[in-house]
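Down below is the structure, laid out as structure tokens.
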Amino acid sequence: MIKRILVCVKLVPTATSVEMDGQFRLKRDGTSLQLNIADVSALEAALRLKAATPDAEVVVLSMGPAKTSQTLQELYALGADRVILLSDPALAGADSFATAKALVAAIRCLGDFDCLLCGRRAIDAETGQIPGQLAAALGIPAVTNVQQLTARDNGFLCQRRLENGTAQLEIAAPCLLSVCEYTYPLRLPGIMGKRRARDKQVEVLTAVAVGLSAEECGLRGSKTKVIRVDTRAPGLRKCRYCETDVLAEKIREVQL
Amino acid sequence: MKQELLLIQGTLPDMGLQSKAAQLALKGHLTLRVISGANLEAATADDGAIAKALIPQAQNARVILAPATTRLRAILPMLAWYLQAGLTADCTHLDISPDGTLLQTRPAFGNSLIATIETVSGIQMATVRPGTFPVSEGAEQIPVETLQEKPAQRVKLLEFVPLADSVPLGEAKIIVAGGAGIGSSAGFLKLADFAGRIGGVVGASRNAVDAGYVPYSAQVGMTGITVCPKLYIAVGISGAVQHLAGMSGSTTVIAINSDPKAPIFQYADYGIVGDWESIIDQLMEELS
Amino acid sequence: MVSQKALQHAEKCRFCWMCRHLCPVQHQTGKELNTPRAKGLLLSMVSKKSAEFDRDMAQAMYECMLCDACVNDCCTGYQPPLFIREARTEAVVNELAPEAVMQLIENVETSGNIYGTVKPSFAREGTDVLVYIGEVAACKVSGMAKALLNILEKTGIRAKVLDNEPASGAMLADLMGYVEEVTQQASACADAINAAKLPTVVVLDSYDAEIMKQRYAEWGCEIKAEVVTATAYVAKLLEEGKLAPKSKKRGSGVCHDDDRLARSFYEFAPVRAMAKAAGFDLAEMFNRERLAKSCGSAVALGYMPEITIKVAGGRWQDMIRTDAKAMLVANPQAYLCLSQCVPAEKELVDLFTALDESL
């Protein structure tokens, strides 16, 4: 029986705020954050598992700035039983290794679980490495890129999307599953859910509270460092406006 | 002193990356070793088990590279954790200094910023977008070792269903991609018809997928897949950064859009402003 | 209190006041509080903590037809119904909604419809199309429902109507916003429609059609059949010559474009084709098509009859300015609202019935 489900989510800049300015650079609106699109599917999957099992519990864990707690609070209305935010200025600038380390430290404080769900990658940094690192650190099996999942006995049946097809897999709990974007649309909060959520607070954990030393956190704890950032107009080309005959010619060329 | 450059290939080996690895090994004074996990990949569904089997192979590695296929993108982070090594995802450019320091370049924030990254740990690991590097002669002659271990299975493969499409989007020579401007699922059937006639495959922007015109598997871009075909025809796609991130590596880009101000034109080699349906009709006529 | 997105919309207003001239409610009440911009301002004040969301404010959020006229005209892309719906959710959650609203919600909970009665059944077996009647037509404007079924029968189309037709969620969405309870109704409705396994579902009430067509998919409860408005479906039958109305002169009439056809479907021609086929000479009101003024909704008539009847009266005033004799309507909710205050010497015509009579 799947009784305790942990979901890792990240808040990322909203897609609409990622616009280009006149020099084809990104305008980043720091204030507008939303749940990462793949994490939405993971969260909904967790809520569905909870709905299917009496007394099941969904615990949501996020790492990010303190201001994200307001958005995370809304997850109570959707049916999350606990919402935990790991937030500490010391964690800023963490690469995927240091992020995984911090999340694992927090997960260890939360007790046993049957299943850890997360999005397959975040659309801001887009590394997709956290799921694998978490699974290795926690010593549990994992399936990434899950497109469909159902609980079965003491584990899951899941469908994994690969480049050349889909694999039907069976995995035993406890395990980690990383879910693809658009797998499940997130439910809307209900009136009853919102009433229940009114006096619930996001639990905020600091780095020290989960037992992390300063050396393990953020930039200092990272295994990679950015040494240079260049802006560039990605793939800018010189467009030749033409008629369909030129295009037809071009298509024929490639066909050869 | 660790002195190997270890390239891990999967079921879909990236020969361009193999060529690049050979160059990097030379420049960085490292010995190239290529290991294919393909054998294991086919035998097991447990990525964690493959990662564990790779640990002893990595003992002398200074650099570990792998193509960023779905499975290797799951396996490499696990291996990186076991080796307590830094890992950079989805690099689009690699360089190495004579002392073996790997310079890893990857787009950040939807391709408009380019970050160059160094690894602090002793072992430097990176995955590379498939198809990023050209194949040079001799790449096939590099000896490939095969992982043979039979690891424990915690994940069981019940069935594998190959993609119905004859050519997966990522390997297509020609991609005809539609955006929200296509307006309907019926519009996409028309695009598919056109694509079929010119030997191409249909792709889509996120807006078109969100609108429900096409399944998610067709999505090109940051939250979809990255493609680099010889010819990319963007139809009714405005050219959001997220989309450009997935197709800017195409050899030739053609844009068809009714809005002359659509950003896609700035990322295209050829452009036609106008109603997509009549342009496609005309193209079909000219090509028939 | 409301979502970030809704708040952005509430604060987008530049106080140009154009929506003042468009809002059918403020037109009749003259209350500044009834303008879309005022509602945005209230929510903005709440978010800045300079005002508290109280019963009066909640009341203001319900004095709106959610007709989308303000959205249609605003050049900043301002969408008041977005934050008004969310504010209604908050009103219900915090038990601040008007009593009449809570009564309707209770009716939905106990009987499945806002009227709190057993919904009359139009159930029948058929193998060609499924017809979705909706609660307003079934309970209050049954003539329109019967006429639609008659028209189909005369064409030889075997229409199925579900027994115990579930609510679409459109009513509840107006009462409490887009919340889980609404998606649960939607999901049950989609399941029932999908179980019928017919290729087309003809929806009589455009309010139902709107939520089915434009919301169900994003809630993960897509209807597999093609959803068609009854007006578009009947107009197509006329166009294909499958209906042969007798030529009969019925005088001059104006078509009322209901809120959803006008601004969710941009569907204008079918209603007029039906009117012509029924024998009317068409005149047009000044506020028509995308600019059509709302005549109220059934749910608003339920919780604030006084204001809604005034709004319906406002639409009659538009009609009186033309020379037409009849107001032509093809939506049960519009018919119900307009029927509350038919001016002397004017006629309210249900186009389905008119067309049925001329066959």
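Please treat every number below as a calculation from the coordinates, not as lab data. Just so you know, these numbers come straight off a predicted model, no measurement behind them. Positions of Cβ are backbone-derived with ideal geometry, glycine not excepted, and every protein chain shown enters the neighbour counts.
Values for this structure:
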| read-out | value |
| --- | --- |
| Rounded, prolate or oblate (a/c below 1.5 giving rounded, otherwise prolate when a/b exceeds b/c) for region A:71-178 by Cα gyration tensor | prolate |
| Hypothetical label at residue B:288: residues of region B:195-211 whose amide nitrogen lies under 18 Å (7 Å Cα-Cβ projection) | B:195-200 |
| HN-Hα J in Hz across region C:194-203 - Karplus 6.51, -1.76, 1.60, θ = phi - 60°, x for Gly and Pro | 5, 5, 6, 6, 10, x, 9, 10, 9, 9 |
| Residue among C:102, C:212, C:171 with the largest mean-square fluctuation in a Gaussian network model of chain C, springs linking Cα atoms under 10 Å | C:102 |
| Proximal charge balance of residue C:134 [Cβ under 9 Å; K/R count +1, D/E count -1] | -4 |
| Debye log10 I(q)/I(0) for chain C, one point scatterer per Cα, at q = 0.10, 0.13 Å⁻¹ | -0.60, -1.01 |
| Cα→Cβ-extended label distance, 7 Å offset, between residue C:54 and residue C:73, nm | 3.1 nm |
| Length gained when the stretch residue A:243-residue A:229 is fully extended (0.36 nm per residue, less Cα-Cα span) | 1.1 nm |
| Dipole axis of region C:129-236 (+1 Lys, Arg; -1 Asp, Glu on Cβ), positive-most option in C:155, C:234, C:190 | C:155 |
| Separation of alpha-carbon centers, region C:120-189 and region C:261-316, rounded to whole Å | 20 Å |
| Residues of region C:47-63 with amide N under 14 Å of the 7 Å Cα→Cβ point at residue C:29 | C:55-63 |
| Neighbourhood charge, 12 Å Cβ-Cβ cut-off, centred on residue C:123 and excluding it, Lys, Arg +1 and Asp, Glu -1 | 0 |
| Spin-label model distance (nm) - residue A:219 vs residue C:106, 7 Å beyond Cα toward Cβ | 6.2 nm |
| Signed unit charges on C-beta, dipole axis of region A:4-228, positive-most listed residue A:72, A:116, A:129 | A:72 |
| Cut-off under 5 Å, modelled amide H: who pairs with residue A:223 long-range | A:95, A:97, A:98 |
| Point-charge dipole on Cβ atoms (K/R +1, D/E -1) for region B:4-146, about Cα centre, debye to 20 | 180 debye |
| 30 Å Cα-Cα reach of residue C:197 towards lysines, excluding residues that sit fewer than 8 places from it in its own chain | B:190, C:119, C:140, C:146, C:154, C:160, C:213, C:224, C:236, C:242 |
| The protein assembly as shown: C-alpha gyration tensor shape, a/c 1.5 cut-off, then a/b vs b/c | prolate |
| Positive minus negative residues near residue B:286 (Lys, Arg vs Asp, Glu; Cβ under 14 Å) | -3 |
| Full-stretch length increase - residue B:261, residue B:39 - with 0.36 nm per residue and alpha-carbon distance subtracted | 74.9 nm |
| Cβ charges +1 (Lys, Arg) and -1 (Asp, Glu), total dipole of region A:4-228, debye | 260 debye |
| Anchor residue B:156: lysines whose Cα lies under 21 Å away (excluding residues fewer than 8 positions away in-chain) | B:52 |
| 5 angstrom amide H check on residue C:257, placed H, neighbours 5+ away | C:289 |
| Label point distance in nm, residue C:322-residue B:277, each placed 7 Å from Cα along Cα→Cβ | 3.0 nm |
| Chain B - share of DSSP beta bridges that are antiparallel (%, nearest 5) | 20 percent |
| Karplus 3J(HN,Hα) series, Hz, for region B:76-82 with 6.51 cos²θ - 1.76 cosθ + 1.60 (x for Gly, Pro) | 4, x, 5, 4, 4, 5, 4 |
| Global geometry of region C:211-322, whether rounded, prolate or oblate, following the gyration tensor of its Cα atoms and the 1.5 cut on a/c | oblate |
| The protein assembly as shown, dipole about Cα centre (Lys/Arg Cβ +1, Asp/Glu Cβ -1), debye to the nearest 20 | 920 debye |
| Using θ = phi - 60° and Karplus 6.51 cos²θ - 1.76 cosθ + 1.60, couplings along region C:282-288 (whole Hz; Gly, Pro as x) | 8, 10, 10, 7, 5, 8, 9 |
| Cα-based convex hull volume of region B:1-41 per residue, rounded to whole Å³ | 49 Å³ |
| Of B:278, B:74, B:86, farthest towards positive along the dipole that unit charges on Lys, Arg, Asp, Glu beta carbons give chain B | B:86 |
